[in-house]
Amino acid sequence: MINLHGKTIYTGNAVLTDGTIAIDGTLVAAVLAQAEGEIAGTYPVITPAIIDAHSHIGLIRAGEPSAEAEANEHMETIVAHADVLDSVQMDDRGFQDSIEMGVLYSCVLPGSGNIIGGNSAVIRNYGEDTNSAFIRRAGIKGAFGYNPMSTREWKGQRPWTRMGALAILRAKLVDVQNKMAKEAAKVEDDKPNDVSFSAEEAVLKALLTGEQRYRVHVHKNDDIAALLRFVDDFGLKVVVEHTMDVHDVAIYKELAARGIPVIYGPMDTLAYKVELKHENWRNLQYLLASGAQFGLMTDHPVIMQNMLLFCLRHFLHLGVSKQAALEVITRQNAQVLGIDDILGTLEPGKWGSLICWNGDPFALESYPVAIYAEGKLIYEA
């Protein structure tokens, strides 16, 4: 048993003063509202481990030329059966940089050059290889808006316009829908079921049945509106990623009403393309006012993953408490990714993954001095 005393503990649900986190093996055994037992360490602040809900870490790697980056597959505009884990390289120096700032978990996704880019992976940043790093899947990556139409010179069938990109997607989904109808008819008529699906079509079928979520890169109001038409037409289960050009509350309120979550960000970047012409950190107020479920991303390396905590200063500026701000990159990210049964909060039965700080995490002079991952001390300053 390891007992860690925190003068302040942010559990992800509440704030404790002079509490103790007890870790037994890999899991949190108890969260106590007082110092108790033999204490292995006392720290000014303890928080849950930080989770990045959307990144390309391990794909676009520190110290490697851009020609060796593996975020986007250029062979075709829809590669639904691709697996992002096949391109992640755990020797990316970015992982260690992230660990030292308490970012222990990443959802890695393919890039946004393809209408459907492949399967995501939630991973441990401290994994020795991709098999030991892998935790869980969190949806199929896709993209609407400018990015898929900007890849005109890549191989395969490529769109020139938004309507062209969505025409390609619509045709693929209708084809699979028709196959599904034939499959269902044969079952109902008790006929031999000889309907077969390719590897790509099997993924599209999983999207159409809701077995898989469609994680869609989208920035602008009307691109989100187009996505909602696909939701209505095909019954897709979606997560809206980015939304940095949204500069009013209405579209967020519609997402909230439909129960569609947002993974917001990246904040603190240059608005380097037209679909970001309204991008501003103050747009965050509309997301907060809407009541939509949301998490926060870095889009690493668009923002370096170890800077995720610093994005929270914008939440504080808009009146969000420190506790609620920290919950965005711990509990809320875990909920949106579907890993909140094991991570995101410090409570009994969840992984013993936490950060011990030398002071207030929101103070510039503060930094992690001890980091535990699944009950093991993996970093000490």
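The values are calculated or read from the model by the stated rules, or taken from the named source; none is laboratory data. As the structure is a computational prediction, the values presented were derived from the model and not from experiment. A quick note on method: Cβ atoms are made from the backbone with ideal geometry, for glycine too, and the neighbour counts reach across all protein chains shown.
With a requirement of 3 or more residues that are without any contact (Cβ under 8 Å) to a residue 40 or more places away in the chain and closer than 22 Å to Ala325 by Cα, the strands (runs of 3 or more DSSP E) lying completely within region 1-41 that satisfy it span 15-24.
Residue count for region 175-190, restricted to those that are part of a helix (DSSP H, G or I) and over 16 Å from Ala206 (Cβ atoms): 7. Hey, any hits in region 277-297 for a residue that's touching a Leu at 6+ places or on another chain (Cβ under 7 Å), in a loop (DSSP other than H, G, I, E, B) and free of Cβ contacts under 8 Å to residues at least 60 places away in the same chain? The answer is yes, given that some residue of region 277-297 is touching a Leu at 6+ places or on another chain (Cβ under 7 Å), in a loop (DSSP other than H, G, I, E, B) and free of Cβ contacts under 8 Å to residues at least 60 places away in the same chain. With respect to being assigned to a helix (DSSP H, G or I) and not acidic (Asp, Glu), Asn193 falls outside the description.
The rows are residues; the columns are (1) acidic (Asp, Glu); (2) in contact with an Asp or Glu (Cβ under 7 Å, 6 or more places away or on another chain); (3) outside any loop (DSSP other than H, G, I, E, B).
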| position | (1), (2), (3) |
| --- | --- |
| Lys205 | no, no, yes |
| Glu211 | yes, no, no |
| Val216 | no, yes, yes |
| Leu227 | no, no, yes |
| Val239 | no, no, yes |
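Check Arg229, Arg213, Arg282 and return the single one that is at pLDDT 95 or above, closer than 22 Å to His56 by Cβ and of a type in the set (D, E, K, R).
Working: Arg229 fails: closer than 22 Å to His56 by Cβ; Arg282 fails: closer than 22 Å to His56 by Cβ.
None of the other options fit; the residue is Arg213.
For Gln157, state whether it is in a helix (DSSP H, G or I), more than 18 Å from Tyr214 (Cβ to Cβ) and in the same structural domain as Asn221 (by TED's automatic domain parsing). Walk me through how you get there before you give the answer.
Values: in a helix (DSSP H, G or I): no; more than 18 Å from Tyr214 (Cβ to Cβ): yes; in the same structural domain as Asn221 (by TED's automatic domain parsing): yes.
The answer is no for Gln157.
A count restricted to region 178-194 and to residues that are touching a helix residue (DSSP H, G or I) at 6+ places or on another chain (Cβ under 8 Å) and surrounded by 15 or more Cβ atoms within 10 Å (Cβ to Cβ) stands at 2. Inside region 273-301, residues that are β-branched (Val, Ile, Thr) and surrounded by fewer than 19 Cβ atoms within 10 Å (Cβ to Cβ) make up a count of 1.
Listed by position, the strands (runs of 3 or more DSSP E) enclosed by region 313-381 that each have at least 3 residues that are more than 21 Å from the chain's Cα centre (by Cα) and under 20 Å from Tyr43 (Cα atoms) are 368-373, 376-380.
Yes/no per residue for (1) touching a residue at least 24 places away in the same chain (Cβ under 8 Å); (2) touching a helix residue (DSSP H, G or I) at 6+ places or on another chain (Cβ under 9 Å); (3) outside any loop (DSSP other than H, G, I, E, B):
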position: Ala67; (1), (2), (3): no, no, yes
position: Ala80; (1), (2), (3): yes, yes, no
position: Gln89; (1), (2), (3): yes, yes, no
position: Phe95; (1), (2), (3): yes, yes, yes
position: Leu104; (1), (2), (3): yes, yes, yes
position: Cys107; (1), (2), (3): yes, yes, yes
position: Pro110; (1), (2), (3): yes, yes, no
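In summary, Ala121 fulfils each of the numbered conditions (1) in contact (Cβ under 8 Å) with a residue 12 or more places away in the chain; (2) hydrophobic (A, V, I, L, M, F, W, C); (3) surrounded by fewer than 16 Cβ atoms within 10 Å (Cβ to Cβ) with the single exception of condition (3).
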